[in-house]
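Questions regarding the structure given below will be posed in turn.
The values are calculated or read from the model by the stated rules, or taken from the named source; none is laboratory data. None of the values given here were measured: they were computed from a predicted structure. Using ideal geometry, Cβ is built from the backbone for each residue, glycine included, and neighbour counts are taken over all protein chains shown. In case anyone asks, the SASA skips ligands and DNA or RNA and just uses the protein heavy atoms, side chains included. Shrake-Rupley method; radii C 1.70, N 1.55, O 1.52, S 1.80 Å.
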Amino acid sequence: MMQFARQVFQTPLFELGGQPISLIWVGKLLIALLAVGIATRFIKNVLKHRILVRLGIDSGNREAIATLVSIGLGAFGYVIVLQATGVDLSSVAVIIGGLGVGIGFGLQDITKNLLSGLTILVEQKLRVGDFVEFDDIEGYIEEISIRSTVIRTLAGGEVMIPNAQLAEERITNWSYRNLDGRLELPIGVAYGSDPVLVTETLLDAAYSQAEILSHPPPKVIFAGFGDSSLNFELWAWTHRIDRRDFIKSDVMFTIEYYLRRKNITIPFPQLDLWMRSPNGLSDGLPNRAPDEGRAANPQKDDDTNLATEPTHPNTLRTWLSQISYFQHFNELQMRSLIELGYRKQLATSETLIRQGALAREFCIVLTGAIGAFHESNHQEKQLFTFEAGQYFGELPLMLGVPYPTTMKAMSNTILFMVDAHGFEKLLRDYPALAEDIAQELSNRREVLDGYHQELLMMGFSTDTESNPVAWIRRRLKELFTQRSS
């Protein structure tokens with residue numbers, strides 16, 4: 001049986017370029033070609049993610065260089081494999097040429113995509129990491145391969161687009177030189193509003209946003225007279241057009257707030273219907289002109305609805321505004337603060353974080369209380385209690401060291417949780433909070449001493465100053481300086 005199987009696999013089926021072709025020969029060839037393919041892919045990844053990164057080449061050029069090098073090495077490797085197996089390539093050139101014509105017609109779309117992919121890689125008009133807009137798709141170029149390009153959309157999906165479409169159709173590359181772009185925000189205000197005051201208000205709203213450029217300066221365009229409003233447009237430029245939806249949202253929130261402060265009304269479409277009859281209205285009243293009807297309530301169209309919003313005691317806005325270091329926040333600052341975190345509820349005795357775990361969030365107690373317990377030899381010792389209005393977690397979060405205590409809810413508790421990125425933004429936007437944190441830490445001298453000594457032993461700090469409060473204050477300033485630069 002084994003002899004029969006060996007004979008089947010070794011028996012030549014036909015000759016190609018003077019080389020007898022058998023099943024075992026085909027198997028060896030496929031294994032060799034597969035090895036070349038795996039090797040070229042490995043070389044591409046090493047070039048792209050290691051060698052070219054160390055050389056300081058940007059991501060777009062890394063993709064192009066790695067792809068072209070892998071293609072060249074792959075083609076060279078395939079030729080070597082064919083020659084090593086005994087195939088005379090010169091003798092099969094005519095056959096390959098004849099097959100190429102037929103293959104060209106059958107695989108012309110694939111060939112077109114391959115050539116388009118090479119064109120895109122060589123021209124460098126599109127590069128990995130670019131923010132592009134194509135056929136109602138917005139996103140970042142994730143990968144440029146020979147056949148297709150992968151675009152990661154803003155919603156998080158990945159779209160594979162044939163390279164021929166990108167090479168032939170119109171595509172907007174917002175990152176070609178930079179990510180600068182113009183935002184256009186339409187705003188309608190009530191008739192009777194002062195256009196100069198409206199212009200000033202819109203410009204103030206634009207300049208108050210850090211992501212709006214001052215050069216070129218924002219512009220206010222009077223777009224025309226609408227059915228129920230004077231129509232303006234705010235043109236503003238930003239250096240991060242890929243974040244335009246978020247920036248637009250921030251600017252629109254600010255515009256609404258500023259217009260309300262200036263008593264400028266944003267009207268809603270409305271239609272007045274007047275009915276006449278030869279003998280007057282059905283109630284016996286004399287006919288009135290439309291202007292006379294309006295005179296009875298002259299402020300009907302222009303009054304701004306500034307009624308005080310009802311108080312909602314169980315909202316983040318209410319809880320945060322009762323905390324001393326957020327009491328001076330206006331509506332816009334409070335909205336930005338709320339966007340940095342989320343609400344977390346704990347039942348009585350529920351553990352928030354165990355001793356020794358790494359910190360991931362800065363925590364503010366809104367209601368209830370959190371106890372800090374030091375665990376040793378299966379015993380717990382309560383060190384602190386954080387009540388409503390107090391915060392914790394800032395020190396292990398900033399220094400990247402484990403929690404020295406287990407944090408448990410002493411009663412039904414609600415926390416406001418801010419992750420590391422949000423905490424950095426909080427320090428950057430409100431540097432006075434850093435000093436407040438340093439002052440608060442002076443009340444936790446025992447824990448702070450423990451942190452200081454632990455960092456000395458771990459080699460994270462070489463500062464042997466005896467006053468850990470002064471040390472942490474200086475450390476906060478260093479961290480704030482790094483985050484601001």
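Hey, among the residues in segment 330-374 that are of a type outside the set (S, T, N, Q), part of a strand (DSSP E or B) and open to solvent by 60 Å² or more (accessible area, probe 1.4 Å), which one's farthest from F423 (Cα to Cα)?
Filtering segment 330-374 down to residues of a type outside the set (S, T, N, Q) leaves 331-332, 334-335, 337-344, 346-347, 350, 352-354, 356-366, 368-374.
Then keep just the ones that are part of a strand (DSSP E or B); that gives 341-344, 346, 352-353, 358, 361-366, 369-374.
Pick out the ones that are also open to solvent by 60 Å² or more (accessible area, probe 1.4 Å) and you get 342-344, 358, 374.
Details: Y342: 13, R343: 15, K344: 16, L358: 15, H374: 25 Å.
Selected residue: H374.
Between V81, V132, which is β-branched (V, I, T) and at pLDDT 80 or above?
Working: V81 fails: at pLDDT 80 or above.
It is V132.
Here is a follow-up. Which ones in segment 210-230 are open to solvent by less than 60 Å² (accessible area, probe 1.4 Å), in contact (Cβ under 8 Å) with a residue 40 or more places away in the chain and of a type outside the set (A, V, I, L, M)?
Answer for segment 210-230, where residues must be open to solvent by less than 60 Å² (accessible area, probe 1.4 Å), in contact (Cβ under 8 Å) with a residue 40 or more places away in the chain and of a type outside the set (A, V, I, L, M): S228, S229.
Going by what's in this entry, would A295 be described as at pLDDT 80 or above and surrounded by 10 or more Cβ atoms within 10 Å (Cβ to Cβ)?
no
For segment 243-262, how many residues meet the condition of being over 17 Å from W174 (Cα atoms), among the aromatic types (F, W, Y) and open to solvent by 40 Å² or more (accessible area, probe 1.4 Å)?
Adding up the residues that qualify gives 2.
For segment 206-229, which residues satisfy the criterion of being in contact with a Gly (Cβ under 7 Å, 6 or more places away or on another chain) and in a strand (DSSP E or B)? Break it down into steps so the answer makes sense when it comes.
Looking only at segment 206-229, we keep the residues that are in contact with a Gly (Cβ under 7 Å, 6 or more places away or on another chain), and these are 226, 229.
Correct list: empty.
OK, next. Hey, M160 hits all of (1) of a type in the set (A, V, I, L, M, F, W, C); (2) loosely packed, with under 14 Cβ neighbours inside 10 Å; (3) within 29 Å of S336 (Cβ to Cβ) but one; which does it fall short on?
(3)
Does L281 fit the bill of being assigned to a loop (DSSP other than H, G, I, E, B), of a type in the set (A, V, I, L, M, F, W, C) and either over 24 Å from E424 (Cα atoms) or modelled with pLDDT of 80 or more (or both)?
Values: assigned to a loop (DSSP other than H, G, I, E, B): yes; of a type in the set (A, V, I, L, M, F, W, C): yes; either over 24 Å from E424 (Cα atoms) or modelled with pLDDT of 80 or more (or both): yes.
When the stated conditions are applied, L281 passes them.
Failed condition for T405, given (1) over 18 Å from L316 (Cβ atoms); (2) touching a helix residue (DSSP H, G or I) at 6+ places or on another chain (Cβ under 7 Å), with all others met?
Unmet for T405, out of (1) over 18 Å from L316 (Cβ atoms); (2) touching a helix residue (DSSP H, G or I) at 6+ places or on another chain (Cβ under 7 Å): (2).
Taking segment 336-368, which residues are in contact with a strand residue (DSSP E or B) (Cβ under 7 Å, 6 or more places away or on another chain) and closer than 19 Å to K425 by Cα? Steps first, answer last, please.
Let us first name the residues in segment 336-368 that are in contact with a strand residue (DSSP E or B) (Cβ under 7 Å, 6 or more places away or on another chain), namely 340-358, 360-368.
Of everything in segment 336-368, those that are in contact with a strand residue (DSSP E or B) (Cβ under 7 Å, 6 or more places away or on another chain) and closer than 19 Å to K425 by Cα turn out to be L340, G341, Y342, R343, R360, E361, F362, C363, I364.
State which residue pairs qualify: first residue part of a helix (DSSP H, G or I) and inside segment 412-437, second residue exposed (fewer than 14 other Cβ atoms within 10 Å of the Cβ) in any location, beta carbons under 6 Å apart, and separation of 6 or more residues or different chains.
E424/R483; R428/R483; R428/S484
Scanning for something modelled with pLDDT of 75 or more, open to solvent by 40 Å² or more (accessible area, probe 1.4 Å) and assigned to a helix (DSSP H, G or I), does segment 86-96 turn up at least one residue? Show your work before the answer.
Here is the first cut: in segment 86-96, the residues modelled with pLDDT of 75 or more are none.
No, that holds for no residue.
Among what's in segment 7-60 and is in a helix (DSSP H, G or I) and at pLDDT below 70, pick the residue that is farthest from the chain's Cα centre (by Cα). It would help to see each step written out before you state the result.
Within segment 7-60, the subset in a helix (DSSP H, G or I) is 7-10, 23-54, 59-60.
Next, from what is left, pick out any that are at pLDDT below 70: 7-10, 59-60.
On the way: Q7: 63, V8: 60, F9: 57, Q10: 59, S59: 18, G60: 20 Å.
Among those that are in a helix (DSSP H, G or I) and at pLDDT below 70, it is Q7.
Go through (1) in a strand (DSSP E or B); (2) surrounded by fewer than 16 Cβ atoms within 10 Å (Cβ to Cβ); (3) of a type in the set (F, W, Y) and name the single condition Y191 misses.
Here Y191 clears every test but (1).
Within the group R170, R152, which residue is free of Cβ contacts under 8 Å to residues at least 40 places away in the same chain and assigned to a loop (DSSP other than H, G, I, E, B)? Don't jump to the end; show me each part of the working.
On the way: R152 fails: assigned to a loop (DSSP other than H, G, I, E, B).
Answer to the selection: R170.
Something else about it: Tell me which residues, restricted to segment 163-181, are touching a Gly at 6+ places or on another chain (Cβ under 9 Å) and open to solvent by 30 Å² or more (accessible area, probe 1.4 Å).
A167, W174
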